[in-house]
Amino acid sequence: MELLEILKIAADNSASDIFIISGAALSYKANGDLVKINECPLTPAVTKEYVYEIYKLGGYKFDIEDLPEKEMDFSISVVGMGRFRANIYKQRGSFAAVLRYVPFTLPEPEQLGIPESVMKLSKLKSGIVLVTGPAGSGKSTTLSCIIEKINEERSGHIITIEDPIEFLHKHKKSIISQREINIDTESYLSALRSALRQSPDVILLGEMRDYETISVAMTAAETGQLVLSTLHTLGAANTIDRIIDVFPTNQQHQIRIQLSMVLNAVISQQLVMSTEGKYTPAFEIMTMNSAIRTLIRDEKTHQIDSVIQSAPGMTTMDNSLLNMYKSGIITADTAVKCAYNSDIMAKRVV
């Protein structure tokens, strides 16, 4: 089967990922389930041929006998189909690939289940907005929707730094510079430092990986840019603690003060199975107020959840799941399984 045929099958079935791995059948993942394209297990020679074709689509000019032995991330575009985020690696001595499917057209936020309170963050002019959650929870899609809304409503310069680029944005009211790690720049840190000299109004940082990158991001937010980024954390309090913990102990007090001033919102999300058999996002929404800023400065982040529960316009993850259960969007079992505090949720859905 030709590679393009595999990609088309996956795109037509709204797949999230495609798996090309020796010893297993060609498969894609749709709504969390693995679907075999055929029953024939792939051989190492066939997977190597597919990997070679993927590299060719990505614009690389390797000979099939000289493919890189290390892992590589890059994106490819297929006309009339969409984009694919490719990860090439080796397992058991043979080449393998996983491709994440990204449609050319960004769906409307309402179709994706992104609430209006999240989309309103596009109106912020400065500070830091974090979208957090496990891998594959839709963080990049949420951020892309916010970026697109800014692009449609405001004039300015938007810089995205991604690894790799997923959604392609057209220049609308804003000018958009999209930079990809290893192709357009060496690293998040070098691209972010450079971005500060490129007259940005909005900076999308694919991931905040280390304290140097976080430090430069906070400086950018302090000097008047809106910085959007992601972390692999669950919950606002955990996110704030994770940021502070990456810094040396002697810097953490100052970082708490700085973070309390520049942080504007933490959105945590996870994908949960709906009663219709499709994944839908559940959100925890924390926007900054004076009480939360004080808790961050005073090292009392464990009390943030209680503020989120009582403050208007905010919601905890468990309350979001409970409301989805009451609305018939998810089952009681799903609410309990996905809750941060499953014991309490089990009592609330009885």
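Mind checking which pairs have a first residue in the stretch 217-238 that is free of Cβ contacts under 8 Å to residues at least 40 places away in the same chain and a second that is charged (D, E, K, R) and assigned to a strand (DSSP E or B), Cβ under 6 Å, 6 or more apart or different chains?
The qualifying pairs do not exist here.
Exactly one of (1) in contact (Cβ under 8 Å) with a residue 24 or more places away in the chain; (2) surrounded by fewer than 21 Cβ atoms within 10 Å (Cβ to Cβ); (3) farther than 20 Å from M286 by Cα is unmet by H171. Its number?
(1)
For the stretch 211-229, which positions are surrounded by fewer than 17 Cβ atoms within 10 Å (Cβ to Cβ) and either closer than 21 Å to K125 by Cβ or within 20 Å of the chain's Cα centre (by Cα) (or both)?
Passing the criteria: Y211, T219, E222, T223, G224.
Take the residues in the stretch 26-46 that are outside any strand (DSSP E or B) and of a type in the set (A, V, I, L, M); name whichever of them is farthest from the chain's Cα centre (by Cα).
Residue satisfying both the conditions and the ranking: A45.
Out of all the residues in the stretch 201-213, which are closer than 21 Å to I146 by Cα and either at pLDDT below 95 or not assigned by TED's automatic domain parsing to the domain that holds T141 (or both)?
Within the stretch 201-213, G206, E207, M208 meet the criteria.
Of all residues in the stretch 176-210 being free of Cβ contacts under 8 Å to residues at least 40 places away in the same chain and hydroxyl-bearing (S, T, Y), which is nearest to K123 (Cα to Cα)?
Per the stated criteria, the residue is S177.
Which of the residues belonging to the stretch 106-138 are in contact with an Asp or Glu (Cβ under 9 Å, 6 or more places away or on another chain), closer than 11 Å to L228 by Cα and assigned to a helix (DSSP H, G or I)?
Once the filter is applied, which keeps residues that are in contact with an Asp or Glu (Cβ under 9 Å, 6 or more places away or on another chain), closer than 11 Å to L228 by Cα and assigned to a helix (DSSP H, G or I), the stretch 106-138 yields only S122.
Go through (1) in contact with a helix residue (DSSP H, G or I) (Cβ under 7 Å, 6 or more places away or on another chain); (2) small (G, A, S); (3) without any contact (Cβ under 8 Å) to a residue 60 or more places away in the chain one by one and return the number of the condition S22 breaks.
(3)
Of the residues E2, E49, only one is over 22 Å from the mean Cα position of the chain (by Cα) and surrounded by fewer than 13 Cβ atoms within 10 Å (Cβ to Cβ); which?
The match here is E2.
Mind listing whichever residues of the stretch 269-318 are surrounded by fewer than 13 Cβ atoms within 10 Å (Cβ to Cβ) and hydroxyl-bearing (S, T, Y)?
S290, S306, S310
Pull up the stretch 179-199, narrow it to residues that are out of contact with any helix residue (DSSP H, G or I) (no Cβ under 7 Å at 6 or more places or on another chain) and hydrophobic (A, V, I, L, M, F, W, C), then point me to the one that is modelled with the lowest pLDDT.
I183
Among the residues of the stretch 59-73, is any buried (at least 17 other Cβ atoms within 10 Å of the Cβ) and either of a type outside the set (A, V, I, L, M, F, W, C) or in contact with an Asp or Glu (Cβ under 6 Å, 6 or more places away or on another chain) (or both)?
no
Any idea which residue in the stretch 319-350 is farthest from L263 (Cα to Cα), counting only those that are surrounded by 14 or more Cβ atoms within 10 Å (Cβ to Cβ) and charged (D, E, K, R)?
The extreme case among them is R348.
Taking I304, is it in the same structural domain as V216 (by TED's automatic domain parsing), aliphatic (A, V, I, L, M) and within 15 Å of I128 (Cβ to Cβ)?
no
Restricted to the stretch 184-243, and to residues that are of a type in the set (A, V, I, L, M, F, W, C), in a loop (DSSP other than H, G, I, E, B) and touching a strand residue (DSSP E or B) at 6+ places or on another chain (Cβ under 7 Å), which residue is farthest from H171 (Cα to Cα)?
That would be L234.
Pick from K326, K300: which is more than 22 Å from D241 (Cα to Cα) and more than 25 Å from the chain's Cα centre (by Cα)?
So the residue among K326, K300 that is more than 22 Å from D241 (Cα to Cα) and more than 25 Å from the chain's Cα centre (by Cα) is K326.
For residues in the stretch 5-25 being in a helix (DSSP H, G or I) and under 27 Å from the mean Cα position of the chain (by Cα), which is surrounded by the most Cβ atoms within 10 Å (Cβ to Cβ)?
It comes out as A10.
So which residues in the stretch 244-279 are closer than 28 Å to S117 by Cβ and among the aromatic types (F, W, Y), if there are any at all?
Once the filter is applied, which keeps residues that are closer than 28 Å to S117 by Cβ and among the aromatic types (F, W, Y), the stretch 244-279 yields only Y279.
Where residues in the stretch 43-84 are among the β-branched types (V, I, T) and touching a residue at least 40 places away in the same chain (Cβ under 8 Å), which of them is farthest from I181 (Cα to Cα)?
Step by step, filter the stretch 43-84, then rank; the result is T47.
The values are calculated or read from the model by the stated rules, or taken from the named source; none is laboratory data. As the structure is a computational prediction, the values presented were derived from the model and not from experiment. Because the Cβ atoms are built from the backbone with ideal geometry, glycine has one as well, and the counts that use them run over all protein chains shown.
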